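Report on one structure; see the data block that follows.
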Amino acid sequence: MISLQKVSKRYDNGREALVNLNFELAPGEMVFLTGHSGAGKSTLLKLIMLIERPSAGQMLVCGQNIAHIPRSAIPYHRRQIGMVHQHHHLLFDRTVYDNVALPLLIAGFSPRDTGRRVRAALDKVGLLDKENLNPATLSGGEQQRVGIARAVVNKPQVLIADEPTGNLDPELSAEIMDLFDQFAQVGTTVLIATHDVGLIHRYDHRLLALHNGELIRDGYDREHL
Amino acid sequence: MNQPAPNVSKGATVARVTWRQRFDRWREHHRDVAVDSLRRLRATPLPTLMTLLVIAIALALPAGLFVLIKNVQTLSEGWDGNAQVSLYLTAKTSDAQGRALATQLAERVDVKRTAYISRERALEEFKEQSGLGDILQELGENPLPAVIVVYPAHDTLEQAQKLRDDLARKTEVDEAQLDAQWVQRLYALLALGERLVLALSIGLGLAVLLVIVNTIRLGIENRRDEIVIVKLVGATDAYVRRPFLYTGLWYGLGGSLIALLLIQALLLWLDGPVQAVADLYRSTFALAGLGLGTGLLTIVGSVLVGLLGAALAVRQHLRAIEPG
Ligand SMILES: Nc1ncnc2c1ncn2[C@@H]1O[C@H](COP(=O)(O)OP(=O)(O)OP(=O)(O)O)[C@@H](O)[C@H]1O
Ligand SMILES: [Mg+2]
């Protein structure tokens, strides 16, 4: 589903954020991405979303080599991927429902399909009764779950999350991890960037670890983390 | 809507339904965006009104001047007919031929009357008026041509000019001259005025463009977060651009409608005094408005300027707003 070959990213200021990455993620796989602050976790997710372009290497996402696709094709690429952001990135000038419906509105879904899918997504994250509220009135955990509903409303094949449990208590974190697990069960590839070692130890998912932009660990081993 | 075409291999019926639905979505989306951008303008009534007024005044100024010039033009078309055409006859034309021509011309429908001035009479008049009789005496021969003065039957300058051109072609006529200088001067001034209105329109049109560019730029700045978010969930450039283009369209439309109202108000305000003057001169003159054509042109032009301003602002600033 995602395949990286010799991918490097050097920022304009000369900073080598990612160096020669090689790995593959299968459909339905759930993977942790970890590493110290500044290791390059967010950069990797940004490359997958084409928020940033790789400086070198090939990236296959959903069967398409995205390293050099034209700017005009980026929106359609992004519609295939759901992304959960650390900072919710919600719009406070509209309801929870409208926030979750945004990707469908942009992709041109009919109002009927939109309603069905938005309610299904809100039901999944347990916020069906809050659809008409403004997200500003929700708690941090609820806002995070609205963000997740928006990321999955389009039924993407790939779901990526940057510190999704960053400011949540362990109980809420567990709930959200369960949600991700459910998506992986139905075939979605899930990649979660986190430096929450406790969280990583609680699950036995595959683990990718970055150190100064290099992939230093790829497997199920949790020793010396 | 902006999705690439799906692979349809199941025949034309399937494709037609798909495109039909796609078109419906696209139309609905445009309607929603148009309504939403209008709602946003109404949500900030004071700044919106101020921008609209700036646009309206910039449009009303040249359009109002245009109306005034048009009215002066109509007024000058009804000049009191004191223009005349002087036909200077060739030296070969005899006195009898000249008189005959004068009588013949007086019969024409476009001529009110004619007056024949023989060479001798012309000399007499010249002597009297200039006091140069002695010098002319010494020339021996009378250098002055015979003249037929033609008074046109119609009042307009155009018809007088046509008459002049027509008479100039006659073999007996050496030169034909239209004496309607004040009307010609007025027409020249009006032509100049039209040019000035054009220049003013271009200048103020540019000002309207800049006002809209700047207003839309602020709008883009205010919605920066939203733009980043919609781009993250797969919005195309066209999608991001659309609400701002509609905002530009509304500004153009609203500004031009207010401008037309301002001009109408000006005309109403002037109508009383103008009627009073017209009555004094026993004239039937009445102030004319902008007219349907020019009014529509103002609206369409203004809407186009609004769209162009929005497009420029969007082109300049939207690309710079990217997630990351
Ligand atoms: N836009 C940018 N321009 C230049 N350098 C950048 C940019 N974004 C990130 N970097 C640098 O690239 C490196 C990797 O950053 P990145 O944000 O990917 O780290 P991270 O693993 O997500 O860290 P954290 O856990 O703190 O979020 C850092 O050294 C950072 O300073
Ligand atoms: Mg990060």
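The values are calculated or read from the model by the stated rules, or taken from the named source; none is laboratory data. Just so it is clear, the model here is predicted, and its values are computed rather than measured. We place every Cβ from the backbone using ideal geometry, glycine too, and count neighbours over all the protein chains shown. Areas reflect the complete protein model, heavy atoms only, side chains present, ligands, DNA and RNA absent. Shrake-Rupley method; radii C 1.70, N 1.55, O 1.52, S 1.80 Å.
Listed values, structure above:
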| quantity | calculated |
| --- | --- |
| B:LEU38 versus A:PHE92: modelled label distance in nm, points set 7 Å from Cα along the beta carbon direction | 3.0 |
| DSSP H segments from chain A that extend 15 Å or more along their own axis, Cα-based, with Kyte-Doolittle mean of 1.6 or above | none |
| Other-chain or far-sequence residues with amide H under 5 Å of A:GLU52's (modelled H) | A:LEU47 |
| Amide H contacts of A:GLY213 (H built 1.01 Å from N, under 5 Å, at least 5 apart or other chain) | none |
| Under the Karplus curve 6.51 cos²θ - 1.76 cosθ + 1.60, θ = phi - 60°, whole-Hz ³J(HN,Hα) for segment B:136-147, x wherever Gly or Pro sits | 4, 4, 6, 5, x, 9, 6, x, 7, x, 6, 10 |
| Nearest-0.05 FRET efficiency for B:ASP179 and B:GLU141, computed from C-beta distance (R0 35 Å) | 0.85 |
| 14 Å beta-carbon shell around B:ASP174, net charge (K/R +1, D/E -1) | +3 |
| Estimated FRET transfer efficiency when R0 is 56 angstrom, pair B:ALA199-A:ASP221 (beta carbons, to 0.05) | 0.10 |
| Gaussian network model of chain B, springs between alpha carbon atoms under 10 Å - residue of B:THR93, B:THR18, B:THR294 with greatest fluctuation | B:THR18 |
| Distance between modelled label sites at A:ARG206 and A:ARG119, nm, 7 Å Cα→Cβ extension | 3.7 |
| Pairwise centroid distance, computed over Cα atoms, of segment B:254-303 with segment A:189-225, Å | 77 |
| Among A:ALA26, A:ALA67, A:ALA184: highest mean-square fluctuation, GNM of chain A, C-alpha pairs under 10 Å | A:ALA26 |
| Average Cα contact separation per residue, segment A:148-225, under 8 Å, 6 or more apart, as relative contact order % | 27 |
| Extended-chain gain in nm, criterion 0.36 nm per residue less alpha-carbon gap, B:ASP134 and B:LYS162 | 6.1 nm |
| Relative contact order for segment A:91-155, counting Cα pairs under 8 Å that sit 6 or more residues apart, in percent | 50 |
| Fraction of accessible area attributable to carbon and sulfur, chain B (%, probe 1.4 Å) | 60 |
| Bridge type composition, the protein assembly as shown - antiparallel percent by DSSP, nearest 5 | 65 |
| For segment B:28-144: accessible area per residue (Å², 1.4 Å) | 62 |
| Cα-Cα over 23 Å, subset of A:LYS6/A:LYS155; B:LYS92/B:LYS112; A:LYS46/A:LYS155; A:LYS41/A:LYS124 | A:LYS6/A:LYS155; B:LYS92/B:LYS112; A:LYS41/A:LYS124 |
| FRET efficiency for B:ALA320 and B:LEU75, using Cβ-Cβ distance with R0 set to 60 Å, rounded to 0.05 | 0.65 |
| Shielding by partners - mean other protein chain Cβ count within 10 Å, residues of A:102-115 | 4 |
| Length-normalised contact order for segment A:23-91 - Cα pairs under 8 Å, 6+ apart - percent | 18 |
| Cα long-axis angle, helix B:292-317 against chain B (0 to 90 degrees, to the nearest 10) | 40 |
| Nearest-ten-degree value, helix B:95-106 long axis tilted from longest Cα axis of chain B | 40 |
| Pairwise centroid distance, computed over Cα atoms, of segment A:67-117 with segment B:79-137, Å | 89 |
| Using alpha-carbon coordinates, inclination of helix B:181-222 to the longest axis of chain B, degrees | 10 |
| Surface accessible to a 1.4 Å probe, A:ARG217 within the full protein complex, Å² | 50 |
| Solvent exposure ordering (accessible area, 1.4 Å, most first) of B:LEU232, B:LEU261 | B:LEU261, B:LEU232 |
| Amide H within-cut-off set for A:LEU21, under 5 Å, with H built and near neighbours excluded | A:LYS6, A:VAL7, A:SER8 |
| Beta bridges by DSSP in chain A, antiparallel share as percent, to the nearest 5 | 50 |
| For segment A:28-36, 3J(HN,Hα) per residue [Karplus equation, 6.51 cos²θ - 1.76 cosθ + 1.60, θ = phi - 60°, Hz, x = Gly/Pro] | x, 8, 10, 10, 8, 10, 10, x, 5 |
